[in-house]
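One structure is given here, and the rest of the page talks about it.
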Amino acid sequence: MKTIYMFLVRLWSSIFAGQRKTQITYLMSFGNNNEFVIKLAQRVAPLKLTIFYQTKIEKDAKELSELENAQLIKFDNGFSLFLKLIPTLMRSKLILIDNYFPFMGAIVKTKQMRVTQLWHANGAIKEFGFSDPSTSQRSLSAQSRFQKVYDATDDIVVGSQKMASIFRINYRLDGHQMRTLGYPRSDKFKNNEWMAQVRTQFFKSYPKLKDKRLILYAPTYRKDVQFSFAPNFENLKLPQNAVLILRLHPHLQDLEKYWEQKASFITSIDPKISTDELLTVADTLITDYSSILFDYTLLDNARHIGLFTFDQNKFKKTVGLQNDFFDEFHAIIISTVPQLSDFLINPKDQTSIIKEINNSWNEFNDGKATDRTINFLIERSEI
């Protein structure tokens, strides 16, 4: 079935292959890159920018509706892929993607078209691509399809040589596609004006939290699995004057209120306040395998970080962890609830650890990645 689907994509795109390339297209599956999109639209105006967005991020996409030279189109594959998306792609000289889109491996790509990946994460603790344990269990034809998608990409924008190396390995590429321009989504974490506005608004909404030590617990999303705490999590001990904020994946945020009512030491925050915004007010970040670790260490309020990986063995088998995970992060790995309690009650100075993480993962994230990336794309695509 997938072979037929890819054949139809290739056939249909070939019909439009000869069209003049007169616009830019953005395939959007994550909604946290609006600042980049707005700047790009302004820089390329009056050239048309078409944004295809998935239903799950409709609210974020609608924030871009006032851009004069941008057109927003909802798509979730199906007929819209053939009626709207493919013809638009074939009229585009620049295609921006923020995720893995299978049909990109079958598009008839001409020399006038450029595909640039702006990944949705700053770093990677989890495995993906060919390093994902499930990939080896897929058929050779499926693996061939994956490779065609990766090979179709001209540019992979990254914030560090470390991330570039991970993409080379996981995508089985020779590396010429890597662009160490910085991670555009990270710019806000170096923007003092943005941080000041966010913090002011947060404490205006939650004045009782202003003089508290805010601990953010933000575990990563586990596909097809409902959220559950570690065994004996109800015995967690917090230091005096501390508040534990629970932030789950958007698919599970309804559970935040439930757990707040069930456990007295948990606080939920209005989902309208983004995870990025919560990072700016947290004294401590507890996550597990999430790349928000690398966003948080960029902030001037980052004091304490811990990776609460109580299910590490299971996670490594099902999802996969980078080969050097333990060697690189052993100093901040926490395995049990008593260890987590001790980490919170008796915090140690982690200045050198945070600096080391930034040196490895935020090498080029200096707050100017958006401008560098847009300049690069405009020059290379001759826009």
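The values are calculated or read from the model by the stated rules, or taken from the named source; none is laboratory data. Predicted, not measured: the structure shown is a model, and the values here were computed from it. Cβ sites come from the backbone with ideal geometry, for glycine too, and all protein chains shown count toward neighbours. Please note that ligands, DNA and RNA were not included when accessible areas were found on the heavy atoms of the full protein model with its side chains. Shrake-Rupley method; radii C 1.70, N 1.55, O 1.52, S 1.80 Å.
The long axis of helix 140-151 is offset from the longest Cα principal axis of the chain by roughly 90 degrees. Residues ILE378, ILE215, ordered by accessible area of protein heavy atoms at a 1.4 angstrom probe radius and largest first, appear as ILE378, ILE215.
Relative contact order, whole percent, for the chain stands at 18, derived from Cα pairs under 8 Å and 6 or more residues apart.
For a test of the definition: using alpha carbon positions, the gyration tensor, and the 1.5 limit on a/c, classify the stretch 1-58 as rounded, prolate or oblate.
Details: a/c = 4.32, a/b = 1.43, b/c = 3.02.
Verdict is oblate for the stretch 1-58.
Rolling a 1.4 Å probe over the heavy atoms of the protein chains gives the chain an accessible area of 49 Å² per residue.
Solvent-accessible area of the chain (1.4 angstrom probe, protein heavy atoms only): carbon and sulfur portion equals 51 percent. Once you sort the root eigenvalues of the Cα gyration tensor of the stretch 159-301 as a ≥ b ≥ c, which label holds: rounded (a/c under 1.5), prolate (a/b larger than b/c) or oblate (the other case)? It comes out oblate by the Cα gyration axes.
The C-alpha atoms of the stretch 262-334 occupy a region whose extents along the principal axes are 35, 33, 20 Å, arranged from largest to smallest. Can you grab the distance from the C-alpha centre of the stretch 107-134 to the C-alpha centre of the stretch 181-247, Å, no decimals? Going from one Cα centre to the other spans 28 Å. When the Cα convex hull of the stretch 253-383 is projected onto planes of every orientation, the mean area is 11.2 nm². When the Gaussian network model of the chain links Cα atoms closer than 10 Å, the mean-square fluctuations of LEU321, LEU252, LEU27 top out at LEU252.
Taking the Cβ of ARG10 as the centre, find all other residues whose Cβ is under 13 Å away and add up their charges (Lys, Arg: +1; Asp, Glu: -1). So the environment of ARG10 carries a net charge of +4. Give me the Debye-computed log₁₀ of I(q)/I(0) at q = 0.11, 0.14, 0.24 Å⁻¹ for the stretch 62-140, equal point scatterers on Cα only, no solvent, two decimals. So the normalised log intensities work out to -0.43, -0.68, -1.30.
Each residue of the stretch 1-117 gets 97 Å³ once the volume of the Cα convex hull is shared out per residue. Against the longest alpha carbon principal axis of the chain, how many degrees, from 0 to 90 and to the nearest 10, is the axis of helix 2-15 turned? For 2-15 against the chain, the angle is about 50 degrees.
Within the listed set LYS223, LYS204, LYS21, the Gaussian network model of the chain (springs between alpha-carbon atoms below 10 Å) gives the highest mean-square fluctuation for LYS223. Checking the a/c ratio against 1.5 first, then a/b against b/c, what shape does the Cα gyration tensor give for the stretch 79-197? It is oblate, given that a/c is not under 1.5 and a/b is not larger than b/c.
As a check on your grasp of the helix formula, calculate [θ] at 222 nm for the chain: sum -39500 (n - 2.57) over DSSP H runs of n ≥ 4, divide by the residue count, round to the nearest 500.
Helices in the chain give a 222 nm mean residue ellipticity of -10000 deg cm²/dmol.
Taking only the C-alpha atoms of the stretch 329-383, Rg followed by Dmax gives 19.1, 58 Å. For the chain, modelled as a GNM whose springs connect Cα atoms under 10 angstrom apart, the maximal fluctuation among GLN161, GLN312, GLN261 occurs at GLN261.
Principal axis analysis of the Cα atoms in the stretch 159-220 yields extents of 53, 27, 14 Å, listed in decreasing size.
When every Cα-Cα distance of the stretch 245-294 is counted in 5 angstrom steps from zero, the calculated P(r) takes the values 4, 19, 30, 28, 16, 3, 0 percent.
Axis of helix 161-171 versus longest Cα principal axis of the chain: the two differ by about 60°, to the nearest ten degrees.
So how do TYR53, TYR221 rank on accessible area, 1.4 Å probe, biggest first, that is with the largest at the start?
Values: TYR53 10, TYR221 70 Å².
The ranking, largest first, comes out as TYR221, TYR53.
What is the Å³ per residue value for the convex hull set by the Cα atoms of the stretch 130-171?
62
Note on the stretch 188-260: lysine pairs with Cα distance below 27 Å, sequence gap of 8 or more or different chains, count 18.
Here the chain is described by how far its Cα atoms reach on the three principal axes: 67, 46, 37 Å, from widest to narrowest.
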